[in-house]
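To start, the structure under review is shown below, and the notes come after it.
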Amino acid sequence: MVERKVKLLIGLMLILLISASAVTAQEALFDMEDPEGDDYGPGTYVYPTSEQFAPFEGLFDLRRVRVEERESDYSFRFKFGTVTNPWHAPYGFSHQLIQVYIDNQDSGATTVFKKGANVKFSKESSWNKLIKITGWNIKVFDYQDDLSQETEPVVDAEAKVLEDKQTIQARIPKELIGSLDSARYYVLIGSLDGFSYDNYRPVIEEVDDWKFGGGTDTQYNPNVLDILVPEDKSQKEILSGYDVEEEELATLYPVGNESIMSSKFLLTVIMLVVIIVAVIIVRYRKRIFNK
């Protein structure tokens, strides 16, 4: 009877070890999908008419964001509808301006680091670190950095377009960001313009060759084309929350992946059960194998 029970325990232990391996392999610090076809800001924005923006859809349509932890760096993956490189950027993409404002400390700011996006952040979640990714360089900012000082690109960071031709992967040293175990994120997608505030291509009222249409010709409509949003909100609702008359910017809300904590908890439970099973097997090994 004891032998049968121990065999069952051994089988259970093997199953748990396999499950632990699966949890470890699939674990990400953050992983979130975004609806397709919503690279229109508050629902009204249209692409510039220049052929440089062909196919006039998908270039700024964020589909998924995934953050993984490596030994010495973090891997950020941003999947879009399509990625092109008409201006021959060294990282393989020309159009996308990716900004990730991270809340991973107690203090921080609720305004953007530099004027350009035309948005603000929820008072309930201030940001501490900003990652700015373009096809030419990657920069990391702290909310306390001096705006008057030019920030140099991160030498040990790099980005590339993966084989699917949709995903941009950026690798950034962990020491520049800090722990992301319980981080929350504001992910902003804009169109890169080297001559505009914070490199955000402006959205004006009437579309032209190089500017998006559907805005208000003011500094209050967002120049952000796509964002990640919490489950209980919508992008249209958030990005249309600005008010020209009241001179109010739209307020963005953070997203955070609590599943990393549950994954770690599950992994801990599995390993504890494995240890208990192993102890039981060792304790009763003589009764089993002497039969």
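Could you run the Karplus curve 6.51 cos²θ - 1.76 cosθ + 1.60 with θ = phi - 60° over the range 136-150 and give me ³J(HN,Hα) per residue in whole Hz, x for Gly and Pro?
Working through the residues one at a time gives 10, 6, 10, 10, 10, 10, 9, 4, 8, 4, 7, 5, 6, 9, 6 Hz.
Could you grab the relative contact order for the range 30-256? Cα pairs under 8 Å, six or more apart, rounded to a whole percent. All intermediate terms of the calculation are to be shown ahead of the outcome.
On the way: 558 pairs, mean separation 55.8, N = 227.
So the answer I get is 25 percent.
Separation between the residue 209 and residue 232 pseudo-spin-labels, each 7 Å from Cα along Cα→Cβ, expressed in nm?
In this crude label model, residue 209 to residue 232 measures out at 4.8 nm.
With an 8 Å cut-off on Cα pairs and a minimum separation of 6 or more residues, tell me the relative contact order of the range 55-173 in percent.
That works out to 26 percent.
How high is the FRET efficiency from residue 72 to residue 147, r the C-beta distance, R0 25 Å, rounded to 0.05? The partial results should precede the final answer.
Values: r = 29 Å, r/R0 = 1.17.
With a Förster radius of 25 Å, E is 0.30.
Taking amide H positions as placed 1.01 Å from N in the peptide plane, with prolines and chain starts having none, which residues 5 or more places from residue 178, or on another chain, fall under 5 Å of its amide H?
Under 5 Å from the amide H of residue 178: no residue qualifies.
Say the cut-off is 20 Å between C-alpha atoms; which of 120/160; 120/165; 139/174; 139/160 go over it?
Correct reply: 120/160; 120/165.
Enumerate the amide H contacts of residue 80 below 5 Å, restricted to partners 5 or more residues apart or on another chain; note that Pro and chain-start residues carry no placed amide H.
Result for residue 80 returns 63, 167, 168.
Coordinate-derived values only; no laboratory data. Source: prediction; values computed, not measured. Note that each Cβ is placed from the backbone with ideal geometry, even for glycine, and that neighbours are counted across all protein chains shown.
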